[in-house]
Amino acid sequence: MHLGDKEGLDRGRRYLRPVARLQLPDEPDLVHLAMYEWLPMFEAWATGPALCGRSTSQGPLPEGTEVTCRSCVDYQPKYQTALDLQAGLRRVPPVSGASAQERLLQQVQMAVKGAGLKRRWIAERLHVSDKHLSQLLTGRASMTLNWAEQILRVCGLELVVKVRPQDGGHL
Ligand SMILES: [Zn+2]
């Protein structure tokens with residue numbers, strides 16, 4: 001039930017995952033694609049119906065399983081764009097008056113969310129535990145410039161440090 005958490009998925013986001021067909025005689029033998037999300041009501045990660053509209057077996061197949069349903073594959077880009085957009089819209093606008101430390105943390109949190117990478121994958125690359133990475137990303141451990149730089153690098157991003165006049169204008 002908490003498989004998604006173990007995979008380092010974000011409960012606030014939805015993912016696309018390959019799913020198995022229903023084991024019924026008249027079901028075409030295809031691997032479909034479905035939305036995978038955390039359902040707070042059931043306290044569980046669950047897959048929905050296939051993008052093509054067919055009912056499917058509950059639970060995702062391992063990532064990387066080839067999706068053989070043409071309709072699901074055709075719908076995929078549309079859904080993926082919507083999900084990315086949604087993830088972007090969930091971004092919290094920077095709080096004015098926030099300290100540089102707060103803004104640094106916020107920027108790194110947004111970048112990690114936006115990159116859509118699993119936390120565990122990021123943690124492995126940084127040679128830290130999932131727990132420590134979580135602590136860094138939630139502000140329970142201090143997000144130093146050095147950590148921020150390393151985390152962002154794994155996400156394919158670069159940290160830029162800037163100084164400007166206090167009214168927010170450009171130098
Ligand atoms: Zn399908």
Problem - Residue list for segment 143-157, restricted to those being modelled with pLDDT of 90 or more and either part of a loop (DSSP other than H, G, I, E, B) or acidic (Asp, Glu) (or both) - result: Met143, Thr144, Glu149
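If you take just the helices (runs of 4 or more DSSP H) that sit entirely in segment 15-132, which of them hold at least 1 residues that are within 11 Å of the ligand (Cβ to nearest atom) and farther than 30 Å from Gln150 by Cβ?
Fully inside segment 15-132 and qualifying: 70-89.
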Exercise for the section: Filter segment 122-171 down to residues that are within 17 Å of Leu104 (Cα to Cα) and of a type in the set (Lys, Arg), then give me how many there are. Expected result: 4
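The values are calculated or read from the model by the stated rules, or taken from the named source; none is laboratory data. Note that the structure is a prediction, hence the values are computed from the model and not measured. All Cβ positions, even for glycine, are placed from backbone atoms using ideal geometry, and neighbour counts span all protein chains on display.
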